[in-house]
Amino acid sequence: MGTSPTIVLVGLMGSGKSTVAERLASTLGVALADTDEIVESKVGKTVRRIFEEDGEAAFRAAETEALGAALASGAGVIAAAGGVVLSETNRAMLNRARHESGAVVVWLRADPGTLVRRTRRGVHRPLLDGAPDEAITTMARERAPLYAEVSDASIDTDGLTVDDVVGSVLSVLDGRGE
Ligand code: S3P
């Protein structure tokens, strides 16, 4: 048994990445990195304020730096914010981590209805301010091929508890002989 590989969770807003990543990191006893948190501490503003005051492009640039920092940090579990897959640079970074460093990227999926319900409480999601159902449905359609392009496995999280999803992620690792 070697050390477990870095696990990167990707997926839309509300797919459970942050919650599952936290539980996974504490289960495995490894460090956790969350790209939204890295962005907020580097820029010194919340995600919402960055969108409002500096614009989405500035947020995306900070996000690319944050993803690089997370992958370089040695964290065992990384929660990558929903939009990281939009950038080709970020997708290349994730694929390099998979192929050169053995990172395992897991795509957490859920139906749009589940995602909308789960995102009701989040304040860091300005892209859902208007019509969240429509926004999520469009994102799900546009981003699915991008998540597929960077992930080793996907988990349908509808109806699963956080512990169920953690178990499924651990099974993905087991399946890879870890
Ligand atoms: C975004 C996802 C959010 C946050 C920002 C934009 C996206 O993170 O980075 O609101 O474009 O999908 P979570 O996926 O952690 O909610």
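Bear in mind that the values in this text are calculations on the coordinates, not laboratory data. Everything numeric in this text was worked out from a predicted model, so none of it was measured. Cβ placement follows ideal geometry from the backbone for every residue including glycine, while neighbour counts extend to all protein chains displayed.
Using only the alpha-carbon atoms, how far is helix 162-175 inclined from the longest principal axis of the chain? Give it as 0 to 90 degrees, nearest 10.
Long axis of 162-175 versus the principal axis of the chain: about 50 degrees.
Considering only DSSP states other than H, G, I, E and B, which trypsin sites (Lys or Arg not before Pro) in the stretch 58-142 qualify as loop sites with at most 15 other Cβ atoms within 10 Å?
Answer by residue number: R120, R121.
Work out from phi, with θ = phi - 60° and the Karplus expression 6.51 cos²θ - 1.76 cosθ + 1.60, the ³J(HN,Hα) of each residue of the stretch 73-89, listed in order in whole Hz, and give x for Gly and Pro.
6, x, 4, x, 9, 10, 8, 9, 4, x, x, 4, 6, 5, 8, 5, 4
For the chain, what is the calculated [θ] at 222 nm in deg cm²/dmol (nearest 500), taking -39500 (n - 2.57) for each run of four or more DSSP H residues and dividing by its residue count?
-17500 deg cm²/dmol
Would you work out the charge dipole size for the stretch 20-120 about its Cα centre, treating the Cβ of every Lys and Arg as +1 and the Cβ of every Asp and Glu as -1, and quote it to the nearest 20 debye?
360 debye
Only four residue types carry charge here, +1 at the Cβ of Lys and Arg and -1 at the Cβ of Asp and Glu. Report the dipole size of the chain about the Cα centre in Debye, rounded to the nearest 20.
Using Cβ point charges on Lys, Arg, Asp and Glu, the chain gives about 100 debye.
Tell me, what is the percent relative contact order of the stretch 4-99, built from C-alpha pairs under 8 Å that lie six or more residues apart?
42 percent
For D34, which sequence-distant residues (separation of 5 or more, or a different chain) have an amide H within less than 5 Å of its own amide H, given hydrogens modelled in the peptide plane?
Those lying under 5 Å, H to H, from D34 are A79.
Quick one: length gained pulling A153 to L127 fully straight, 0.36 nm per residue minus the C-alpha distance?
6.7 nm
Once you charge only the Cβ atoms, +1 for Lys and Arg and -1 for Asp and Glu, what is the size of the charge dipole of the stretch 120-178 about its Cα centre, to the nearest 20 debye?
Dipole magnitude for the stretch 120-178 comes out near 240 debye.
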